[in-house]
Structure formats: structure tokens, C-alpha cells
Amino acid sequence: MELCVALDLPSAKENLALAESLKEHNIWMKVGFRAYIRDGKEFIVALKKINPEFKIFLDLKLYDIPNTMADAAQEIAELGVDMFNIHASSGKVAMQTVMERLSSYENRPLVLAVTALTSFDEENFTLIYEKSINAKAEQFAKMAYENGLDGVVCSSFESRAIKNATSAKFLTLCPGIRPFGEDAGDQKRVATLEVAKEEGVDFPVIGRPIYRSDNPLAKVEEILKSL
Ligand code: C5P
């Protein structure tokens with residue numbers, strides 16, 4: 001398991017201070033909408049300056065027509081990030097077009113497909129997708145696997161079934177982790193680290209339990225110890 005810290009603080013200054021406090025650990029940093037829209041490419045450069053060994057996951061959840069997604073994927077590859085994601089519901093042609101566009105890169109970023117957002121509960125998910133979360137997440141994961149993606153974003157509770165339906169090597173990145181049972185906030189399907197471990201999660205993504213703790217470094221070290 002590799003820890004991925006969500007940098008969701010309200011300013012670049014605060015996110016960079018958090019990264020600075022964690023720089024002795026070569027962990028993954030998740031740059032999401034908030035940080036990327038506000039702080040852009042320079043923010044990624046600044047993170048790499050703090051620790052060149054930080055791995056960057058650009059969490060922009062692309063969803064558009066295939067050609068537009070492939071154009072965006074190419075620009076993301078040019079940024080030199082290590083991983084990004086697209087929505088699985090953008091479909092098989094979008095997946096293929098994105099992977100084809102990235103095929104010329106020697107060191108292309110890992111590409112994950114978002115299955116079901118971890119903030120969905122069963123009722124609200126079914127209203128849109130007309131299937132249970134488990135069934136749909138598995139179907140999306142198979143589609144992503146068959147079309148050459150590297151893994152999926154899912155909840156810890158779907159990780160094992162997805163690996164069984166695809167491959168043990170097919171990556172699962174799971175937000176909604178409350179390492180030691182901290183407050184769930186708006187997340188509906190939260191798991192502890194112990195559950196994530198049992199379910200074979202490759203990347204636990206953790207935001208608020210780290211950046212809202214009194215001592216983020218101590219929290220990260222406690223997490224790393226238990227991985
Ligand atoms: O603060 P918390 O640990 O809940 O942060 C989870 C992070 O993972 C947030 O940045 C959120 O946008 C992201 N995320 C998610 N569910 C997904 C994909 C990403 O919660 N399916």
C-alpha cells in the first residue's frame with residue numbers, strides 16, 4: 001500500500017506548508033480540482049521542488065468526448081505527473097482514445113477510472129446508474145481493465161471484488177479512508193486502514209484526517225507504520 005495525501009486546503013500556501021512538513025517521506029500527493037484550478041501547473045512544480053521524490057496524482061476526473069479527453073490526457077502527460085484519472089462512465093471509446101494518445105510516452109502517467117464516487121450512498125447512486133454500487137463498480141472496472149487502464153478509483157469495499165474480476169495487479173485507489181475511525185465528513189462509504197489492507201487497496205487516499213489533525217506529520221507516520 002502506498003499512502004496518498006489529498007492536498008485540499010484553501011490556499012497554495014497552506015498546501016505547500018503541509019507538503020513541506022511531510023517532505024521526509026516519499027509519498028503520493030493528490031492535487032485535486034481546488035488546488036489545480038487555483039494554483040495550476042506551478043503548484044506541481046513547487047511540490048516537486050519541496051521533494052522531487054513526491055509522486056503526484058492529478059485528480060481531475062476527466063469526462064468529455066473522447067478526442068477532448070485525449071487532448072487533456074496529453075497535456076497532463078506533459079506536466080510530468082505520475083497518475084491521473086478519468087470517469088469510467090465516459091465509456092470504452094474514451095478509454096481507448098486516451099490510452100492510444102499516451103502510448104507514445106515512454107514514461108506515461110498511470111491512468112485510473114473513477115467507478116462510483118465514495119460520497120454516493122446506494123439510493124442516490126441507483127437513481128443515476130440503475131444498478132447497485134457493487135455491480136456497477138465491477139462492470140466499470142472490467143471495462144477499464146479490458147481497455148488498458150491501470151486501475152480504478154473505488155471504495156475500499158469494492159477493491160477485493162474488482163481485483164477478483166480483473167487482476168490482482170489492477171490497481172485500486174480508495175478515498176473515504178478514516179485510518180483509525182476518525183470523523184467521516186461527507187463520505188458515505190468509509191473504511192479504516194485495517195479494512196483497506198484486508199481488501200487489498202493499493203492506494204489509500206487520505207485528506208481531512210491528516211490535514212485537520214493537530215500534527216499532520218505524526219498522523220502520517222502513524223499511518224505509514226500501520227501500512
Ligand atoms: O478528506 P477526505 O479524506 O475525505 O478526502 C478524500 C479526497 O478524495 C478528496 O479530495 C475527494 O475529492 C477525493 N475523492 C473522493 N471520492 C472519489 C474520488 C476522489 O473522495 N471517488
_On alpha carbon coordinates alone, what is the Rg over Rh value for segment 1-94, Rh being the Kirkwood radius?_
0.99
*Gain in span if fully extended, Y63 to R212, counting 0.36 nm per residue against the direct Cα distance*: 50.6 nm
*Under a point-charge model restricted to the Cβ atoms of Lys and Arg (+1) and Asp and Glu (-1), what is the dipole moment magnitude of segment 4-226 relative to its Cα centre, in debye to the nearest 20?*
120 debye
*Compute the FRET efficiency between D82 and A184 as 1/(1 + (r/R0)^6), taking r as their Cβ-Cβ distance and R0 = 35 Å, and round to the nearest 0.05.*
0.80
_Distance between modelled label sites at D71 and A168, nm, 7 Å Cα→Cβ extension_ = 4.3 nm
*With the contact rule set at Cα under 8 Å and sequence spacing of 6 or more, what percent relative contact order holds for the chain?*
19 percent
*asked:* Sorting check: for 136-146, 28-38, 117-127, which peptide has the highest mean count of neighbouring beta carbons within 10 Å, and how do the rest follow?
replied: 136-146, 28-38, 117-127
*Given H placed 1.01 Å from N in the peptide plane, which residues other than close sequence neighbours of M83 have an amide H under 5 Å from its amide H?*
I56, L58, L110
*If you keep only loop residues by DSSP, which GluC sites (Glu not before Pro) in segment 2-88 have at most 13 other Cβ atoms within 10 Å of their Cβ?*
E24, E53
*So how do 187-196, 98-107 stack up, highest first, on mean other-Cβ count within 10 Å?*
187-196, 98-107
*What full-extension length gain, to one decimal in nm, is calculated for S119 and A17 as 0.36 nm per residue of separation minus the Cα-Cα distance?*
34.0 nm
_Inter-label distance, nm, simple model (7 Å from Cα along the C-beta direction), S132/R34_ = 3.4 nm
_When the convex hull of its Cα atoms is projected in every direction, mean area for segment 70-157 (nm²)_ = 5.8 nm²
_Options H25, G185, A94, ranked by Cα towards positive dipole end of the chain, top entry (Cβ charges)_ = A94
*Grab the DSSP H runs of the chain that are 4 residues or longer, score each as -39,500 (n - 2.57), total them, divide by all residues and round the 222 nm result to the nearest 500 deg cm²/dmol.*
-14000 deg cm²/dmol
*Averaged over all directions, how much area does the convex hull of the C-alpha atoms of segment 1-46 cover when projected, in nm²?*
3.1 nm²
*Entries of K23/K92; K131/K163; K49/K163 with Cα pairs more than 29 Å apart*: K23/K92; K49/K163
_Students often forget the sequence filter, so: which aspartates and glutamates lie under 20 Å Cα-Cα from K41 once same-chain residues fewer than 8 apart are removed?_
D8, E14, E20, E53, D59, D71, E75, E78, D82
_Gain on full stretching of the segment that runs from E42 to S226 - 0.36 nm per residue minus C-alpha separation_ = 62.9 nm
*Evaluate the Kirkwood expression for the hydrodynamic radius of segment 127-227, namely the inverse of the mean inverse distance over all pairs of different C-alpha atoms, and round to one decimal in Å.*
14.3 Å
*In whole Å, what three semi-axes, largest first, describe the equivalent ellipsoid of the chain built from its Cα gyration tensor (square root of 5 times each eigenvalue)?*
26, 22, 15
*In order through segment 2-15: 3J(HN,Hα) via Karplus (6.51 cos²θ - 1.76 cosθ + 1.60), integer Hz, x for Gly, Pro*: 10, 6, 10, 9, 7, 8, 10, 6, x, 8, 4, 4, 5, 5
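Every read-out reported here was derived from the displayed coordinates using simple, explicitly stated rules and does not represent laboratory data. Just so it is clear, the structure is predicted and the values come from calculations on it, not from any experiment. Every residue, glycine as well, gets a Cβ built from its backbone with ideal geometry; the counts of neighbours run over all protein chains shown.
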